[in-house]
Amino acid sequence: MPDRLQGEAGMEKLRELITDDLMLKAIIESIDPQEPVKVSNVPFPWSVLGCGNYAAVFCHPDYEDYAVKIYAPGRPGLEEEAEVYKLLGHHPAYARCYYIGSTFLILDRLHGVTFYDSMKQGILITEQAIRDIDYALDYARSRGLQPHDVHAKNVMIRDGRGLIVDVSDFLKQEDCSMWEDYKKAYYRLYRPIASRWIFPVPRTILEIVRKAYKWRKRNNRR
């Protein structure tokens, strides 16, 4: 285990905080399987880093280099995600998994801003970050994985470089065009505009685009 957790004793203390505090007090609900889970009653001093369709991710200020991903009741996928991290091993664009619990994972905390929030805040998404994501996805494929559900909320930029923060669906075998669709929008729309003018995009607009894209994908499958 990393030195910053002072070996197994430090990891054991973090696990105790998760099982005896966070999991007993935090409420995580999956209301709509197609939308992020909802979190309420987060115990102090824990904070929520983000929410996906299966799980919520938390951080404790005494363990800022780690993220705790807790699956919502009734949501499957923890074993599959743990297997993905095992296959990925160590790569700079992905987190590492340090512990697998019954309903949670302890991961590296990847610091950065998601592409979604970058657009919302008017932060430039660099072409280098796009290339980094491409290389990381090729690496995952070389490890026998099939990248799935890679979109603006699941990738980050830090110091101009790209990171992938959610690999929970990488064992799925069907094709997924989300990242290729995002790249088309990046090169056809975002990059020509961003080369001249960077501006914050209102969340309302981003959500309209996101939901319209999901609606179109669902209807195309019918």
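Quick notes on this one:
- Being at pLDDT 95 or above, in contact with a helix residue (DSSP H, G or I) (Cβ under 6 Å, 6 or more places away or on another chain) and among the basic types (Lys, Arg) is a description that does not apply to ARG141.
- Counted residues, the stretch 73-87 - those being charged (D, E, K, R) and without any contact (Cβ under 8 Å) to a residue 24 or more places away in the chain: 2
- Entry remark, the stretch 70-97: residues being part of a helix (DSSP H, G or I), open to solvent by 20 Å² or more (accessible area, probe 1.4 Å), of a type outside the set (Asp, Glu) and under 21 Å from MET11 (Cβ atoms) number 1 in total.
- Test: residue in the stretch 164-182 that is modelled with pLDDT of 95 or more, in contact with a Gly (Cβ under 6 Å, 6 or more places away or on another chain) and either over 20 Å from CYS51 (Cβ atoms) or among the hydroxyl-bearing types (Ser, Thr, Tyr) (or both): no
- Restricting the first member to the stretch 88-101 and to residues that are closer than 18 Å to ASP138 by Cβ, and the second to residues that are open to solvent by 40 Å² or more (accessible area, probe 1.4 Å) and not in a loop (DSSP other than H, G, I, E, B), the beta-carbon pairs closer than 6 Å and six or more apart or on different chains are HIS91/TYR139.
- Contacts under 9 angstrom Cβ, first residue in the stretch 105-120 being under 15 Å from ALA152 (Cα atoms) and without any contact (Cβ under 8 Å) to a residue 12 or more places away in the chain, partner surrounded by fewer than 17 Cβ atoms within 10 Å (Cβ to Cβ) and polar (S, T, N, Q), 6 or more apart: none
- Check on LYS120, at negative phi, assigned to a loop (DSSP other than H, G, I, E, B) and open to solvent by 60 Å² or more (accessible area, probe 1.4 Å): no
- Filter result for TYR182 (out of contact with any Leu (no Cβ under 7 Å at 6 or more places or on another chain), open to solvent by 70 Å² or more (accessible area, probe 1.4 Å), closer than 29 Å to ASN220 by Cβ and of a type in the set (Ser, Thr, Tyr)): no
Here is a yes/no grid of residues against (1) under 25 Å from ALA82 (Cα atoms); (2) not in a loop (DSSP other than H, G, I, E, B):
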residue	(1), (2)
PRO147	yes, no
LEU163	yes, yes
PHE170	yes, no
GLN173	yes, no
TRP179	yes, yes
TYR182	no, yes
ARG191	no, yes
LYS214	no, yes
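- The stretch 37-57: number of residues that are farther than 15 Å from LEU105 by Cα, open to solvent by less than 60 Å² (accessible area, probe 1.4 Å) and either in a helix (DSSP H, G or I) or in contact with a Cys (Cβ under 8 Å, 6 or more places away or on another chain) (or both): 4
- Within the stretch 146-179, the residues that satisfy the criterion of being more than 21 Å from ARG218 (Cβ to Cβ) and either surrounded by 18 or more Cβ atoms within 10 Å (Cβ to Cβ) or among the polar types (S, T, N, Q) (or both) are VAL155, MET156, ILE157, GLY162, LEU163, ILE164, VAL165, VAL167, PHE170.
Rundown of residues vs (1) surrounded by fewer than 18 Cβ atoms within 10 Å (Cβ to Cβ); (2) more than 17 Å from the chain's Cα centre (by Cα), yes/no style:
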residue: MET11; (1), (2): no, yes
residue: MET23; (1), (2): no, yes
residue: GLU35; (1), (2): yes, no
residue: VAL68; (1), (2): no, no
residue: TYR99; (1), (2): yes, yes
residue: SER102; (1), (2): yes, yes
residue: LEU105; (1), (2): no, no
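The values are calculated or read from the model by the stated rules, or taken from the named source; none is laboratory data. All values derive from a computational prediction rather than experimental measurement. Positions of Cβ are backbone-derived with ideal geometry, glycine not excepted, and every protein chain shown enters the neighbour counts. Remember, those area values only see protein heavy atoms, side chains included, never the ligands or the DNA or RNA. Shrake-Rupley method; radii C 1.70, N 1.55, O 1.52, S 1.80 Å.
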